[in-house]
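K.L.:
Sharing a structure, written as structure tokens. Questions coming.
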Amino acid sequence: MANKSLASWLLLLLLLLFISLSLFSIFSEAADKHQHKKKQSSSSSSSSSIDSSVIFSVHGNVYPDGLFYVTLDIGNPPKPYYLDVDTGSDLTWVQCDAPCRNCFPGPNQLYKPKKKKLVNCEDPLCTSIHTIRKHTCGSPHEQCDYLIAYADQGSSLGVLVKDAFNLHFANGSLLQPHLAFGCGYDQQVPSINSPAPTDGVLGLGYGKSTIISQLQDLGLTRNVIGHCFSGRGGGYLFFGDSLVPYSSVTWTPMIRNPSLKYYSPGSANLFFGNQPMGLKGLQVVFDSGSSYTYFVTQAYEAFIYAVKKDLPAKQLKEAPADKTLPMCWKGTRPFKSILDVKKFFKPLVLVFANRKKPLLEIPPEGYLIITSKGNVCLGILNGSEVGLGNLNVIGDISMQDLMVIYNNNKQQIGWVHADCNRLPKSGTALIADGGRDGFGNSFTQPYVASMGILTDEL
Ligand SMILES: *[C@@H]1O[C@H](CO)[C@@H](O)[C@H](O)[C@H]1NC(C)=O
Ligand SMILES: *[C@@H]1O[C@H](CO)[C@@H](O)[C@H](O)[C@H]1NC(C)=O
């Protein structure tokens, strides 16, 4: 949950560091050299003539569910798992009966690993998930442990395994490549969603351990990811670049800074309507694992000030009793949709600081929600409050009705307005499906705000 205090987050981090020290305390020079060599030889095939894509149907919404997820079929025979789509982390993991030490009640059965599916500690994929501290293996045939912690205080502890993923390619082929992923047997969940809406996380960052990077190494798709989340809920996700409408997309170079492990289009200046907000050089990242958008305190406060200044006091009054999100207003009668309030709010515009000055325009639908009580609330939150440091995180709410593309081969991020309820032509008949629609209104906590961004990876 995003509204917990920084103090408890720090506590968790300390705990995680402690666990990691106890997991990886043996150092071995030889093992390291060996891994280095292996890694070099595996990073070969990139942009050959592969033009196949895989498309997944996306389920979920920003409010009330607070996440978007896809169904992946893993194992033989294949079993379905619902995975949270997260461009803010690399590792894909599912809850696992290894046996399970701490699993939340999820929508599907736990994945059951077989011993021969374990990924070896010396495998380059194992090295690639251990980026923070130097990775070492005690003995050559050790298993590959992992521990991953998210900014919302969730975490997963487990072991890397390799198993078949059932993938329907847009060209009509059904393939079952063996891909490495995490078998998570000890999860801490931040929020009190019960039952949990997913069985794990689909990590789509730019690291080597993502399943898309593995698919590229197998020569099956390019390392290009696109998502299109509809404002009405649902949407689609694709791997590969055959569905990208290249000419209409606004492209910007991806900033790859070693301390920044997220997809970043660089720094931006902020405008509200046509007015500059006096905020420049804000470091921006895109994170599909965050339900809402987060600004650093200064930008957050300037944004609230700008929004309030424009509101007609007669028609919109603050509604502190509505705890859905921190800042809500009520009208003279309950609102049914954003269309009822859109006229009171201006678009927010991010102008990125590279030569072409690309714009990302976020309309009121991209930062407002209508609550079950019929009030309107701001879906941009105070990132400093949840320990995001100097990052401004563009979450799901602000990426709705946009196709957002992360081209890891060309190191570019792009976006284009799209109808996300309509699948791109070539994939319509072949979409992988099996999820369900919505989860009802079963959430009672202050607000559901999953955050996929990674704080630590050990
Ligand atoms: C479809 O694409 C996959 C992945 O690139 C490839 O292995 C397969 O041969 C292709 N099938 C056809 C019928 O072209
Ligand atoms: C945002 O969070 C920071 C850090 O917790 C706090 O100092 C500041 O008052 C908050 N701003 C608002 C408007 O809530």
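K.L.:
Do the conditions hold for His135, that is, is it within 16 Å of ligand 1 (Cβ to nearest atom) and modelled with pLDDT under 95?
P.N.:
So His135 does not fit the description; no.
K.L.:
Inside segment 194-218, can you point out the residues that are modelled with pLDDT under 95 and more than 18 Å from the chain's Cα centre (by Cα)?
P.N.:
Ser194, Pro195
K.L.:
Sticking with this structure for a sec: Could you say whether any residue in segment 121-133 is assigned by TED's automatic domain parsing to the domain that holds Ile211 and in a strand (DSSP E or B)?
P.N.:
No, every residue in segment 121-133 fails to be assigned by TED's automatic domain parsing to the domain that holds Ile211 and in a strand (DSSP E or B).
K.L.:
Just name the residue that is modelled with the lowest pLDDT out of those in segment 54-77 that are touching a helix residue (DSSP H, G or I) at 6+ places or on another chain (Cβ under 7 Å) and either of a type outside the set (A, V, I, L, M) or within 16 Å of ligand 1 (Cβ to nearest atom) (or both).
P.N.:
Ile55
K.L.:
Show me the strands (runs of 3 or more DSSP E) entirely contained within segment 252-364 in which 2 or more residues are under 26 Å from the mean Cα position of the chain (by Cα), at pLDDT 95 or above and of a type outside the set (Val, Ile, Thr).
P.N.:
Where strands (runs of 3 or more DSSP E) fall fully within segment 252-364 and carry at least 2 residues being under 26 Å from the mean Cα position of the chain (by Cα), at pLDDT 95 or above and of a type outside the set (Val, Ile, Thr), they are 263-272, 275-286, 293-295, 348-352, 359-362.
K.L.:
Further, regarding this structure: Any idea which of Lys373, Lys425 is at pLDDT below 95, more than 19 Å from Lys308 (Cβ to Cβ), surrounded by fewer than 18 Cβ atoms within 10 Å (Cβ to Cβ) and over 19 Å from the mean Cα position of the chain (by Cα)?
P.N.:
Lys425
K.L.:
Name every residue in segment 376-390 that is part of a strand (DSSP E or B) and either out of contact with any Phe, Trp or Tyr (no Cβ under 6 Å at 6 or more places or on another chain) or at pLDDT below 95 (or both), in order of residue number.
P.N.:
Within segment 376-390, Cys377, Leu378 qualify.
K.L.:
Looking at segment 257-278, which of its residues are within 19 Å of Leu204 (Cα to Cα) and either surrounded by 12 or more Cβ atoms within 10 Å (Cβ to Cβ) or outside the structural domain of Asn392 (by TED's automatic domain parsing) (or both)?
P.N.:
Leu260, Lys261, Tyr262, Tyr263, Ser264, Pro265, Gly266, listed by residue number.
K.L.:
Out of everything in segment 294-322 that is among the small types (Gly, Ala, Ser) and over 14 Å from Lys346 (Cβ atoms), what residue ends up being farthest from ligand 1 (Cβ to nearest atom)?
P.N.:
Ala313
K.L.:
Is it the case that some residue within segment 103-121 is crowded, with 17+ Cβ neighbours inside 10 Å, small (Gly, Ala, Ser) and farther than 18 Å from Val201 by Cα?
P.N.:
no
K.L.:
A further question on this structure: Identify all residues within segment 393-427 that are among the polar types (S, T, N, Q), in the same structural domain as Pro253 (by TED's automatic domain parsing) and assigned to a helix (DSSP H, G or I); write none if there are none.
P.N.:
Across segment 393-427, the qualifying residue is only Ser398.
K.L.:
Under the condition of being in a loop (DSSP other than H, G, I, E, B) and more than 16 Å from ligand 1 (Cβ to nearest atom), which residue from segment 144-191 is surrounded by the fewest Cβ atoms within 10 Å (Cβ to Cβ)?
P.N.:
The qualifying residue surrounded by the fewest Cβ atoms within 10 Å (Cβ to Cβ) is Val189.
K.L.:
Asp65 is checked against (1) crowded, with 19+ Cβ neighbours inside 10 Å; (2) within 23 Å of Gly207 (Cβ to Cβ) and fails just one. What number does that condition carry?
P.N.:
Going through the list (1) crowded, with 19+ Cβ neighbours inside 10 Å; (2) within 23 Å of Gly207 (Cβ to Cβ), Asp65 breaks only (2).
K.L.:
Right, here's the next one. Criterion first (assigned to a loop (DSSP other than H, G, I, E, B), farther than 24 Å from Gly289 by Cα and more than 16 Å from ligand 2 (Cβ to nearest atom)) does Thr198 satisfy it?
P.N.:
no
K.L.:
Identify the single condition in (1) crowded, with 23+ Cβ neighbours inside 10 Å; (2) closer than 28 Å to His130 by Cβ; (3) of a type in the set (Gly, Ala, Ser) that Gly235 does not satisfy, given that it satisfies every other one.
P.N.:
It fails just one condition, (2).
The values are calculated or read from the model by the stated rules, or taken from the named source; none is laboratory data. The structure presented is a predicted model; accordingly, all values stated were derived computationally and were not measured. Please note: Cβ atoms are built from the backbone with ideal geometry, for glycine as well, and neighbour counts cover all protein chains shown.
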